[in-house]
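All of the numbers you see were taken from the coordinates with simple rules; none came from a lab. The structure displayed is predicted, hence computed values, not measured ones. Glycine gets a Cβ as well: all are built from the backbone with ideal geometry, and neighbour counts include every protein chain shown.
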Amino acid sequence: MTNKELKIAYQEFSSLDRLSAEDQTLAVAAIEATESSYAPYSQFNVGAAVMYEDGDIIKGANQENAAYPSGTCAERTALFYASASNPDKSIVAIAIAARQNGQLCKNPVTPCGACRQVMAQYQLKGGKPMRIILVGAAKIWKFEKVDDLLPFTFDSI
Ligand code: THU
């Protein structure tokens with residue numbers, strides 16, 4: 001038997017202006033995207049913004065449904081839309097933000113397992129690391145690749 005350990009590397013920033021200009025733009029787009037959230041059940045307004053390799057940005061927000069499982073998280077809305085709109089462009093980054101009662105959440109929102117799996121798929125499809133920026137009002141977390149949020153990803157059939 002061998003004991004093994006896995007380390008996850010990420011960076012924490014105290015405010016948006018500490019990010020690179022590109023990451024800042026994407027983080028702001030994620031905050032803006034919260035405005036398009038349709039969350040009549042949870043009142044939890046999540047926005048996501050994805051960046052293609054050429055710098056273009058696509059936004060998405062969570063869309064809820066009276067039949068709960070039919071709703072979709074912000075991350076998947078943005079990723080599916082981005083891939084369906086430009087199937088040949090790699091997605092190199094995603095930023096996520098959330099609001100409650102109109103206020104940007106204090107702590108970064110961490111994506112659900114299903115969204116992490118979808119991120120992993122588009123990272124695989126694009127062939128480039130996809131960085132993840134989780135935006136909170138009090139702190140921002142940055143991961144360099146999806147593997148850092150979803151180790152031992154299922155990626156082969
Ligand atoms: N949600 C997201 O859109 N992204 C996340 O990372 C976490 C959860 C949505 C799903 C649902 O509409 C609401 O937030 C409450 O769970």
#### Entry: Residue-span extension gain [Ser36 to Ala21] - 0.36 nm each, minus C-alpha spacing
3.0 nm
### Task
State the answer as a single residue: which of Phe154, Ile57, Ala93 lies farthest towards the positive end of the charge dipole of the chain, with beta carbon charges of +1 for Lys and Arg and -1 for Asp and Glu, about the Cα centre.
Phe154
### Message
In Å, what Kirkwood hydrodynamic radius results for the range 116-157 from the alpha-carbon pair distances?
### Response
11.0 Å
### Query
chymotrypsin sites (Phe, Trp or Tyr not before Pro), restricted to the range 69-157: which are DSSP loop and have at most 15 other Cβ atoms within 10 Å?
Phe152, Phe154
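Out of the range 27-73, which chymotrypsin sites (Phe, Trp or Tyr not before Pro) are coil in DSSP terms and have no more than 13 other C-beta atoms within 10 Å? Could you put the intermediate results ahead of the total?
Values: sites: Tyr38, Tyr41, Phe44, Tyr52; in loops: Tyr41.
Within the range 27-73, the qualifying chymotrypsin sites (Phe, Trp or Tyr not before Pro) (loop, at most 13 other Cβ atoms within 10 Å) are Tyr41.
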### Query
Rounded to whole Å and sorted largest first, what semi-axes of the equivalent ellipsoid does the C-alpha gyration tensor of the range 1-80 yield via the square root of 5 times each eigenvalue?
26, 22, 13
#### Entry: Estimated D of the range 65-157 in µm² per second, where Rh is the Kirkwood radius over Cα pairs and Stokes-Einstein applies at 37 °C, 0.692 mPa s
233 µm²/s
### Within the range 109-135, backbone nitrogen closer than 15 Å to the virtual label 7 Å beyond the Cα of Ala9 toward Cβ
129-132
### Summary
From the cross-link list Lys7/Lys59; Lys106/Lys128; Lys59/Lys139, the entries with a Cα-Cα span beyond 24 Å are Lys7/Lys59; Lys106/Lys128
### Message
Just want the ordering: Lys7, Lys125, Lys59, from fewest to most Cβ atoms lying within 10 Å of their own Cβ.
### Response
Lys7, Lys125, Lys59
### Cα pair distances in the chain, grouped into 5 Å bins until the bin that holds the longest one, percent each
2, 10, 19, 22, 20, 14, 8, 3, 1, 1, 0
### Message
Under 10 °C and 1.306 mPa s, how fast does the range 1-44 diffuse according to Stokes-Einstein, given a Kirkwood radius computed over C-alpha pairs? Answer in µm²/s, whole number.
### Response
114 µm²/s
### Message
Which residues does the label zone of Ala84 cover in the range 25-61, counting backbone N under 14 Å from a point 7 Å along Cα→Cβ?
### Response
59-61
### Message
Give me the net charge for the shell around Leu124: Cβ to Cβ below 12 angstrom, other residues only, Lys and Arg +1, Asp and Glu -1.
### Response
+1
